[in-house]
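Following: one structure in structure tokens, then a few remarks.
Bear in mind these aren't lab numbers, they're just calculated from the coordinates by the rules spelled out. Treat the numbers as computed from the prediction; the structure is a model and nothing was measured. Every residue, glycine as well, gets a Cβ built from its backbone with ideal geometry; the counts of neighbours run over all protein chains shown.
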Amino acid sequence: MPDFVGQKMNPSFFRPTQLILLMLAALLLFEPALANKFETIGSGVAGSSRIKAEYMRIIGYVSGGVLLFTSLLSFLMANTNAQNLNYALWKQSSGMLLFMGLVILGFAFFA
């Protein structure tokens, strides 16, 4: 039995087969818990598609807002952190985040 005391568990610590098994286990264990959130076997929940559409709208507003906020941050904090992607490519990253945020907000607004 290996001794893991004091070792950090980063992705390179695991073997590829262990990562594949971990991802499959997560997929099989988490999906059944979420499977019947909106509809049940048989007649289903009344208005479940309306509830799903409302949740998708809320998710769109939140994710679009986060993307617009990160776009603003990458514009305001350009060339401040060499470990960040926007140190050299701040114009491209800010523009792409702005574009994705506006597209997602557009989908949420017009859905």
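The per residue volume of the convex hull around the alpha-carbon atoms of the stretch 49-111 is 65 Å³. By the beta-carbon count within 10 Å of each Cβ, the least crowded to most crowded order of 49, 74, 93, fewest first, is 49, 93, 74.
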